[in-house]
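Just so it is clear, none of the values below were taken in a lab; they were calculated from the coordinates. Nothing here was measured: the structure is a model prediction, and the numbers come from that model. Here the Cβ is made from the backbone with ideal geometry for all residues, glycine too, and neighbour counts use every protein chain on show.
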Amino acid sequence: MNTETLTVVAAIVSRIVGQARTPAQPARDTRLSQGYLLDSVELLEVVIASEQAFGITFDEQVDFRPGTFETLGSLVDLVERKRAEQGRSA
């Protein structure tokens with residue numbers, strides 16, 4: 001896993017939820033719904049912001065599966081996979 005990707009994704013999530021709901025030390029295993037208290041609208045904002053930040057496009061038929069958006073790490077893994085698939089450098 002690329003630590004730069006983790007840092008950028010964590011910053012995106014933090015910007016959307018605000019400082020008050022950002023865990024003191026976010027890590028790969030920080031749960032998005034419990035650690036950051038993301039709701040469904042905020043999760044959609046994270047998806048769109050990640051697409052824009054990394055120049056990728058998520059496929060709702062393939063990428064939106066149970067567990068994909070469970071933790072910060074699972075989201076980072078998806079972003080890195082999409083970057084590789086879509087020819088974006090890590």
Which residue fluctuates most in the GNM of the chain (Cα springs below 10 Å): 19, 61, 52? 61
Matching label for the computed Cα extents along the principal axes in Å, out of (1) 44, 35, 30; (2) 36, 26, 20; (3) 43, 31, 24, is (2)
Within a Gaussian network of the chain (alpha carbon springs, distance under 10 Å), most fluctuating of 32, 78, 44: 44
In a GNM of the chain with a 10 Å cut-off on Cα contacts, which of 20, 53, 11 has the highest mean-square fluctuation? 20
Quote the relative contact order of the chain in percent (integer), defining contacts as alpha-carbon pairs under 8 Å separated by 6+ residues. 37
So if we plug the beta-carbon distance of residue 31 and residue 68 into 1/(1 + (r/R0)^6) with R0 = 22 Å, what FRET efficiency do we get, rounded to 0.05? 0.95
If each residue's Cβ is checked for other Cβ atoms within 10 Å, how do 48, 12 rank with the fewest at the top? 48, 12
Lys/Arg +1, Asp/Glu -1 at C-beta; the chain dipole; positive extreme among 16, 50, 6: 6
